[in-house]
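The values are calculated or read from the model by the stated rules, or taken from the named source; none is laboratory data. Owing to the predicted nature of the structure, the values given are computational and were not obtained by experimental measurement. In this analysis, Cβ positions are derived from the backbone assuming ideal geometry, glycine residues included, and neighbour counts consider all displayed protein chains. All accessible areas refer to the heavy atoms of the entire protein, side chains included, with ligands and DNA or RNA removed. Shrake-Rupley method; radii C 1.70, N 1.55, O 1.52, S 1.80 Å.
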Amino acid sequence: HAMPDASYAPPQAPLRSARADGPGGTIDVGTAFREGWDATWSNFGLILGVGVVGFVLMTLSIVTVVGIFLLVPVLAWGLFRFNLNVIDGRPEFNDLFSGFADYGRVVGTMLVLFLLVVLIGALGQIVSAVGSAAHSPVLQGVGILVNVAWSFTVMPRIGFAWYYAIDREAGPTEALQAAWQATSGQTFTCFVLALLSSALMVMGLLFLLIGVVPALMVAYLMHAAAYRQLAGPQSAAA
């Protein structure tokens, strides 16, 4: 009996499956970066095309004002889906418009999740706000430190909520809970991931527009790859 030839199988990173509401796999920042880097240069033309079209459509939607609420959330959903599919090795240009297939749920989920993320981010600025209201330089200084700590410890962990909402079809609060639980014990790793993303942006800016574009691609795809490590293979419903 001949053994199947595994030499033709595409290489895959070891991933641990996770329920939407359960603990996740372990993030390996180095692996996520390599996957994001490789995926960027393997699909550069397609990613650039989707990015340019998405940017133009979002800009036009924002200009109409009403499009901010009716179109931007769906296009953002499509961009997140596209990023995941790039990492999964099956990206398509039409991924950008995938959210329109379930328009009502997608718009509602994205708007509520955006609002919740903004509110959570605002919690980190409470001390600064109190310091400003009380005209206290000390409180304002402490508030800056709290905000920085909040931005690099709490926000990177809940940043994965977008992917749980899209990939696992989780509701806004469920997606936030899933992201928080999946990254439990990995706060420092999430901090390093966020720091690396920021470093990529700075390096991209040093090379002006020529460097910003690939830097953005690598940063976003690195984050998508990290999510895959947390949540495991793409759900059958996707």
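Worth a mention:
- The set of residues from the stretch 142-158 being touching a Ser or Thr at 6+ places or on another chain (Cβ under 9 Å) and not hydrophobic (A, V, I, L, M, F, W, C) comprises Gly143, Asn147, Thr153, Pro156, Arg157.
- The set of residues in the stretch 142-182 being more than 11 Å from the chain's Cα centre (by Cα) and among the basic types (Lys, Arg) consists of Arg168 alone.
- Criterion (assigned to a helix (DSSP H, G or I), surrounded by 16 or more Cβ atoms within 10 Å (Cβ to Cβ) and either touching a Cys at 6+ places or on another chain (Cβ under 9 Å) or among the acidic types (Asp, Glu) (or both)) met by exactly one of Ala215, Ala226, Ala178: Ala226
- Residue list for the stretch 181-196, filter: open to solvent by 30 Å² or more (accessible area, probe 1.4 Å) and in a helix (DSSP H, G or I): Gln181, Thr187, Phe188, Thr189, Phe191, Val192, Leu195, Leu196
- Residue, farthest from Ile120 (Cα to Cα), within the stretch 161-175, restricted to residues that are among the charged types (D, E, K, R) and surrounded by fewer than 19 Cβ atoms within 10 Å (Cβ to Cβ): Glu169
- Residue match in the stretch 151-158 (condition: open to solvent by 70 Å² or more (accessible area, probe 1.4 Å), assigned to a helix (DSSP H, G or I) and free of Cβ contacts under 8 Å to residues at least 60 places away in the same chain): no
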